[in-house]
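S.K.: Sharing a structure, written as structure tokens. Questions coming.
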Amino acid sequence: MNTNIEKRKSLLFTFILIISLTLGTIVAFFLFYKSNLHRISSQNENYIADIATQRAKLINDLFDENLSYIESSTIVIETELIKQELNPSALDFENENDIDANAISTISNVLKIV
């Protein structure tokens, strides 16, 4: 009879041990999952911030490049107009009657070259 009780106690101890290990494994897996989820979320935030920064730099570079192109074109046009003895500051493009046809053709030709 004593052996039967010892077997039951041993079996109960083994059962409790297996359940404890199983619960411990589940808790450890859950903690790993939460930690991994947080890490991945943090990585995604950093990735998005890096991409936004790179895109902003690219757009800024494009604007700077185009601004430089416009400034260079303006200098070339102004120089060409002065060379042809036309006053660039006297051109009034808002009033169509005052537009100098020679200035327009000069600007057009310069822009084709540039």
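Laboratory data are not the source of any read-out in this text; all were calculated from the coordinates shown. What you see is a predicted model; the values in this text were computed from it and never measured. Here the Cβ is made from the backbone with ideal geometry for all residues, glycine too, and neighbour counts use every protein chain on show.
S.K.: Between residue 15 and residue 37, what FRET efficiency follows from the Cβ-Cβ distance if R0 is 25 Å, with the result rounded to 0.05?
M.R.: After rounding to 0.05, the efficiency reads 0.15.
S.K.: For segment 35-85, count all C-alpha to C-alpha pairs, find those more than 15 Å apart, and express that count as a whole percent of the total. All intermediate terms of the calculation are to be shown ahead of the outcome.
M.R.: Values: 861 of 1275 pairs.
Tail fraction, whole percent: 68.
S.K.: Return the FRET efficiency for the residue pair residue 82, residue 54: r is the Cβ-Cβ distance, R0 is 41 Å, and the value is rounded to the nearest 0.05.
M.R.: Once rounded, the FRET efficiency stands at 0.45.
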